[in-house]
Amino acid sequence: MGRNTRKRRSSMATKAIAASAALALGGGGLIWANFYASAHESNNKGWNQTKSAAASQAATISCPDVGQKLTNVPAQARNDVSGELSNLDRQITEAYQRLATTRDAQARDASFVQNSILQPLQDRRKNIFDRIRLEITRVGGTAPADLDTLINCTATPASQTNAGGGQANNGGQANNGGQANNGQTANPSQSAPANNGGQANTGGQTGNGGQAGNGPNAADFVDITKVQANVPAKPRKTGQASTGTFTTRCGVNANGNHNTDNVIVAPGVTNGAHHLHDYVGNQSNDAFANNDKFAAAETTCQNQQDKSSYYWPVIRLQNGTQDFDQNNDGGGKEGNVGKILVAKQAQIKFVGSPTSKVTAMPEFLRIITGDAKTTTNGLANANAHWSCTGFENKVQLTTQYPICPKGSSVVRTFAFQSCWDGQNIDSANHRTHVAFADANGNCANGFKAIPQLTMRLVYDVPAPVIQNGQVKNPYAVDGFPEQLHKAATDHDDFINVMSAAQNTKLANCINRGQRCQ
């Protein structure tokens, strides 16, 4: 692993955020970052501010997501580059925390955020960019010529943020190419303008900024009974369709296997995800796991031939309580607060293609679906699908959380990319080796159809209550602190740890139209 991948937050920064959180929440959380904001006055760094007295607003740090741009990193440099990308995430988290602990200074000095937070952050990012170039070029690769255009960051008033990274959705659909409901195409989103202002407090009654001051807010929720049906029809099946299914039963993580690592995007980096994951299946997934460790691991799957790792960010109920990680990195220190909810059902199923037979997946294939940074990146890679039992075939939401009627449960659905380039088990940006099928169910650009992983997680969640523009007892998915716990940031990860023989058996089952497990 590269020399910079295990750096930890300075003790001063940790103590500062912990002290402020203790004052605000009794321990384990971020507080509001307040500043005077106006969309009409800005400098060349994108920091919007005004000298007139205005209502206090919550702010977040927005930096370009560098990892998505690095599509041609040589394999020999990927671990080191991943470490540097993790350092960029750590820097953004620290800058966000500084926003949360300097509100008085921001109110006194209109240039404080630019001079004391953004400019130092950009200087540190420049150093990381230089190291990324070095890691790529030293093994004969070519770094993107426009890398430096991604250095500058902005501090964005909450009134200018929404789930689409600045895109006004207003009930439109997120065109993400994803599929939901076990092969049923569903790219919907419902959105209302976000407003993260307000005051955070405890006891389950929260302002628009959530229990930790960084979301969710009232506009992040919608009564699902008031949303029009938006699930499109499935692609038409041809005579070559692979119609079987393979179900693997791996539990709901009742044993509490959690960590804040992500070995796919940040191998060797503790707290590389900056939020907590549920793990089912493979029980040895952490930042330092390699393929040998995965292959030798125990699994929670009933089919012991499936040692694959299935993992997703936890959901928390923000009712004023805290959980075991309230004082931990990736937990309360980074705005991921509240009671962790365990899914009551976790259905994991592989399905076929409506237009062709499927090719067996390669062992150790890695796939990430969705985008944990849609608040920054926009919805291009969003693949979140939220609904309620009894509504799944009618309504799927991308940019809002559903408020379900009495007797109905919250459902998170994922449908992974089902087209593979036929060569690589991963790619530099963890996306380009796999792709979604087109609207007709076909794989393009020479990609091959593989069994499509679909997941359905069901939760008993007390229905949030919206009153006077505030939300009581909200729930939210864990995420990077600056992503404001938006529904669109939901994502899911998969590492295929099945033998070649088991992968062939799975593909044959689907191609023959059988129902296997």
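Roll a 1.4 Å probe over the protein chains and send me the accessible area per residue for the stretch 312-394 in Å². Write down the numbers at each step before the final one.
Details: 2450 Å² over 83 residues.
Accessible surface, normalised per residue, equals 29 Å².
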(request) For the stretch 60-112 and the stretch 423-459, write down the distance between their C-alpha centroids in whole Å. (result) 28
(message) Report, in listed order, any pair from LYS237/LYS357; LYS373/LYS472; LYS333/LYS472; LYS344/LYS472 with a Cα-Cα distance greater than 19 Å.
(response) LYS373/LYS472; LYS333/LYS472; LYS344/LYS472
(message) Need one number: nm distance between label points at ALA439 and VAL139, each 7 Å from Cα along Cα→Cβ, rounded to one decimal.
(response) 4.0
(request) Using Cα positions and a limit of under 14 Å, work out the aspartates and glutamates in reach of LYS406, with same-chain residues fewer than 8 apart set aside. (result) ASP223, ASP460
(request) Sequence neighbours fewer than 8 away in the same chain don't count; with that in mind, list the aspartates and glutamates whose C-alpha is under 12 Å from LYS339. (result) ASP323, ASP325, ASP478
(request) Give the carbon-plus-sulfur fraction of the accessible surface of the stretch 478-517 in %, rounded to a whole number; probe 1.4 Å, heavy atoms of protein chains only. (result) 47
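May I ask you to give the percent of accessible area on the stretch 316-402 that is carbon plus sulfur, with a probe radius of 1.4 Å?
On the way: 1120 of 2460 Å².
Ligands and nucleic acids excluded, carbon and sulfur reach 45 percent.
By how many nm would the segment from GLN345 to THR389 grow when fully extended, if each residue of separation counts as 0.36 nm and the alpha-carbon distance is taken off? Show your work: numbers first, answer last.
On the way: separation 44, 0.36 × 44 = 15.84 nm, distance 1.17 nm.
In short, 14.7 nm is gained.
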(request) Just grab the label-to-label distance for ASN424 and ASP123, each label 7 Å out from Cα along the Cβ direction, in nm (one decimal). (result) 3.6
(request) Measure off, as a whole percent, the carbon and sulfur share of the 1.4 Å-probe accessible area of the stretch 58-152, all protein chains present. (result) 44
(request) Figure the gain on full extension for GLN283 and PHE364 (residue separation times 0.36 nm, minus the Cα-Cα span) and round it to one decimal in nm. (result) 27.7 nm
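What whole-number value in Å² describes the accessible area per residue of the stretch 106-151 for a 1.4 Å probe? Walk me through the intermediate numbers first.
Details: 2220 Å² over 46 residues.
Here the per-residue accessible area is 48 Å².
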(message) Under 5 Å between amide hydrogens, which residues at least 5 positions from ASN262 or on another chain qualify, with H placed 1.01 Å from N in the peptide plane?
(response) GLY272, ALA273
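The values are calculated or read from the model by the stated rules, or taken from the named source; none is laboratory data. These figures come from a predicted structure and were not determined experimentally. All Cβ positions, even for glycine, are placed from backbone atoms using ideal geometry, and neighbour counts span all protein chains on display. Please note that ligands, DNA and RNA were not included when accessible areas were found on the heavy atoms of the full protein model with its side chains. Shrake-Rupley method; radii C 1.70, N 1.55, O 1.52, S 1.80 Å.
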